[in-house]
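Trainee: Got a structure here, written out as structure tokens. Questions coming.
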Amino acid sequence: MQELVRTIASALVDHPSQVEVNVIEGEKSLVLELKVAPEDMGKVIGKQGRIARAIRSVVKAASLREGKRVTVDIVQ
Amino acid sequence: MKSIEIAAKTVESAVETALKELQVSREDVEVEVLEEPSKGLFGLIGSRMAKVRVTVKKTAEDLAVEFLTNVFRNMGLSVNMNCKTDNGYINISIKGTRLGILIGRRGETLDALQYLTNLAVNRKTEKRVNIILDVEGYRKRREETLNRLARRLAEKVKRTGNKVMLEPMNPHERRIIHTALQNNMDVTTYSEGEEPYRKVIIALKNAH
């Protein structure tokens, strides 16, 4: 799941090497913290969060099989 | 990525030979000069051929398939992809088993993935391309469903005289509804609300 977020984010930003995904694992949940270069923030959020919403949608689909609630947080 | 190295008397002739061998045109490749030619002393001692590396650039289609392959691998899905390009549109049809999760409710996941693919590819291409993803013929089936829905609701509006509001749809799906009823004698269609909650309304022709 972590790799999925990294793959998508890296394809969207200008500085793929600065993409970081941290995992915070709970019993029934998984939080993925996505961190990108400050100037790339817009590239993973988009107008009115459209890109962030699309990323979450794909990640949610992938998580259905794992039976865990997965959330993607974009952090600074 | 396809790439070859060619040596010749001049850089230009080396590039020309490479293009012939790869059967592509100059715009489709990147050229890297590995060695400049030198005539040497009196054209005899130490003369050197020009050497170039010619690499075929990735097409938008290559970039899209590469991105999707990575995404699917990380989703644990094994799929087959089939690309067809026609007038600026790259249609990628995806086949495999248990791909329902790729479609999502009302195609939400498919639309999200399509949006991300377009962003990822258009960052790297000079010309804007439009990529359309389809999973197991979903888009075609959805279009038929929407056409039927439109006709059924038009009948209802005609019978009752009340307007009908459809659920929120994306621009593509709204257009399918508008198109399905544009020649209908009894009803008219228009959209209301803001994206992404914009909805189509079907109303009696002289009622609004």
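Derivation of every value follows stated rules applied to the coordinates shown; laboratory data play no part. The model shown is predicted, which means the values in this text are computed figures rather than measured ones. Neighbour counts are summed over all protein chains in view; Cβ atoms, including those assigned to glycine, are modelled from backbone coordinates with ideal geometry.
Trainee: Looking only at chain A, where both bridge partners belong to it, what percent of the DSSP beta bridges are antiparallel (to the nearest 5)?
Mentor: Counting only bridges with both partners in chain A, antiparallel ones make up about 45 percent.
Trainee: Per residue of B:115-125, what is the mean number of Cβ atoms on other protein chains within 10 angstrom of that residue's Cβ?
Mentor: 4
Trainee: For chain B, find the longest principal axis of its Cα atoms and tell me its angle to the long axis of helix B:108-122, 0 to 90°, nearest 10.
Mentor: Computed tilt is about 30 degrees.
Trainee: Excluding A:Thr7 itself, calculate the net charge of residues whose Cβ lies under 13 Å from the Cβ of A:Thr7, where each Lys or Arg counts +1 and each Asp or Glu counts -1.
Mentor: Neighbourhood net charge equals 0.
Trainee: Return, for the Cα atoms of region A:2-75, the radius of gyration and Dmax in Å, separated by a comma.
Mentor: Cα radius of gyration and Dmax of region A:2-75 are 11.8, 35 Å respectively.
Trainee: Report the net charge of residues surrounding B:Ser25, where surrounding means a beta-carbon distance below 12 angstrom and charges are Lys +1, Arg +1, Asp -1, Glu -1.
Mentor: With Lys, Arg at +1 and Asp, Glu at -1, the neighbours total 0.
Trainee: Further, regarding this structure: Using the alpha carbons of region B:1-146, what is the convex hull volume per residue in cubic angstrom, as a whole number?
Mentor: 131 Å³
Trainee: Order by neighbour count: B:Ser13, A:Ser57, A:Ser17, fewest other Cβ atoms within 10 Å first, most last.
Mentor: The order, fewest Cβ neighbours first, is A:Ser17, B:Ser13, A:Ser57.
Trainee: Between helix B:60-75 and chain B, what is the angle of the helix's C-alpha long axis to the longest principal axis, kept within 0 to 90° and rounded to the nearest 10?
Mentor: Once rounded, the angle reads 70 degrees.
Trainee: Now, a different point. Which percent of Cα pairs goes in each bin when the distances of region B:1-80 are cut into 5 angstrom slices starting at zero?
Mentor: Per 5 Å bin, starting at 0, the Cα pair percentages come out as 3, 15, 18, 14, 11, 10, 10, 7, 5, 3, 2, 2, 1.
Trainee: Tell me the relative contact order for chain B as a rounded percent, counting alpha carbon contacts under 8 Å between residues six or more apart.
Mentor: That works out to 13 percent.
Trainee: Can you give the Rg to Rh ratio of the protein assembly as shown, both from alpha-carbon atoms, with Rh computed by the Kirkwood formula?
Mentor: 1.14
Trainee: Given Cα pairs under 8 Å that are at least 6 residues apart, what percent is the relative contact order of chain A?
Mentor: 33 percent
Trainee: For the pairs B:Lys2/B:Lys51; B:Lys2/B:Lys127; B:Lys57/B:Lys140; B:Lys9/B:Lys127; A:Lys35/B:Lys95, flag any whose C-alpha to C-alpha distance is greater than 23 Å.
Mentor: B:Lys57/B:Lys140; B:Lys9/B:Lys127; A:Lys35/B:Lys95
Trainee: Another question, if that's okay. Taking the alpha-carbon set of region B:84-149, what are its Rg and Dmax in Å?
Mentor: Calculated on Cα positions, Rg and Dmax stand at 12.9, 40 Å.
Trainee: Averaged over peptide A:51-57, how many Cβ atoms belonging to another chain are found within 10 Å of each residue's Cβ?
Mentor: Rounded to a whole number, the mean comes out at 5.
Trainee: A follow-up question, please. Take A:Thr7, B:Thr145 and order them by how many other Cβ atoms sit within 10 Å, fewest up front.
Mentor: Listed from fewest to most nearby Cβ atoms, that is B:Thr145, A:Thr7.
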